[in-house]
Structures are given as structure tokens and as C-alpha cells.
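Comments concern the structure below.
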Amino acid sequence: MIEAGTPYALRLNMAAARARVKDLTWTEQGEGPAGEHGTVPARPEAWGDVILARKETPTSYHLSVVIDDALQEVTDVVRGQDLFWSTSVQRLLQALLGIGPPAYRHHRLIHDSAGQKLSKLTKATALRELRADGATPADIRRLVGLS
């Protein structure tokens, strides 16, 4: 199938993975969407059998960030709250690959006047534009809830 160029998706068998990795947590230094902080239980099974690779995307976001962070010896990961629960999948992949976890800090998202999160996908205002409009680094930190 792969050699023939047929579309495919390689998935992680979540039941088998969870049978190998029981207790799974991460350290949250920020705050999750519902106020989660400190030791957070990971629940990757909520994602089902996640895709690790497919024909048009040789590696998934989850697998890419886990490997990339490990190769760069990242100790602290800062991401938006929209990626909070995807950390569960990343923690599972780290455990399966024998990679130690970094500390995580998830921050609030910046929203536009319509309440939509700023996103490249929607061609929303970029950080560069906020800065050009006079926003200081302190203003940006305040917008995302960092002191």
C-alpha cells in the first residue's frame, strides 16, 4: 500500500499503548481551560487511535513535537490553552519512547473583536501587527495571562 502510493494512515493502537503505560500525568505551570494546575492526569484515550503519519503528512503534530522537543532538550513548553488536552497524547508518546517530560505552561488565547481566537488559519491579526499597533511585550504577556 505505501509503496503503491495508496493513501494510508498509521495509527497508534490506544488500547495497547495504555496497557503498557498506566499512570500518566504532566506538570502544568500555567492553567488549563477549567483551571487545571500542578499535576494533571493525562487522558490520551479520549483521543482514540490517533494518527501518527499519513501519506501526505509523514508525521503527525503530536509525534513531531515530542521528537523535536526531545532532540532539542526542551525543558519547558509554552502553548495556548487550545492545545492543553493534546498534551495527554504527547505524554503517552513520550512514555512509550522513553523520553522524559518537560514542564508545561498553557496560556490564554488572544481573541479578536468577534471572540474568535487569533489564528494563521483565519488570517487573523499576527503578533507582528499587534506590535506595529503599539502593543508592548508586557501588553502581549498580559493578553495571554503571563505575568
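Bear in mind these aren't lab numbers, they're just calculated from the coordinates by the rules spelled out. Bear in mind that the values here come from a model prediction, so they are computed numbers and not experimental data. Reconstructed Cβ throughout: ideal geometry from the backbone, glycine too, with neighbour counts over all protein chains shown.
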Rg and Dmax in Å for segment 17-79, alpha carbons only: what are they? 13.8, 38
Volume per residue (Å³) of the convex hull spanned by the alpha carbons of the chain is 157
At most 11 other Cβ within 10 Å, DSSP loop - trypsin sites (Lys or Arg not before Pro), segment 1-73: Lys22
Helix 61-71 sits at what angle to the longest principal axis of the chain, using alpha carbons and giving 0 to 90 degrees rounded to 10? 90
Filtered GluC sites (Glu not before Pro), segment 1-68: DSSP coil and at most 12 other beta carbons within 10 Å: Glu3, Glu56
When DSSP assigns beta bridges and you keep just the ones with both residues in the chain, what percent turn out antiparallel, to the nearest 5? 60
Net charge around Gln81, counting only other residues with Cβ within less than 9 Å of its Cβ (Lys, Arg = +1; Asp, Glu = -1)? 0
Magnitude of the charge dipole, segment 1-107, Cβ model with Lys/Arg +1 and Asp/Glu -1, debye to 20: 340
Compare Trp47, Trp85, Trp26 in a GNM of the chain, Cα atoms joined below 10 Å, and give the one with the largest fluctuation. Trp47
Where does the charge balance sit around Pro7 when Lys and Arg score +1, Asp and Glu -1, over other residues with C-beta under 15 Å from its C-beta? +1
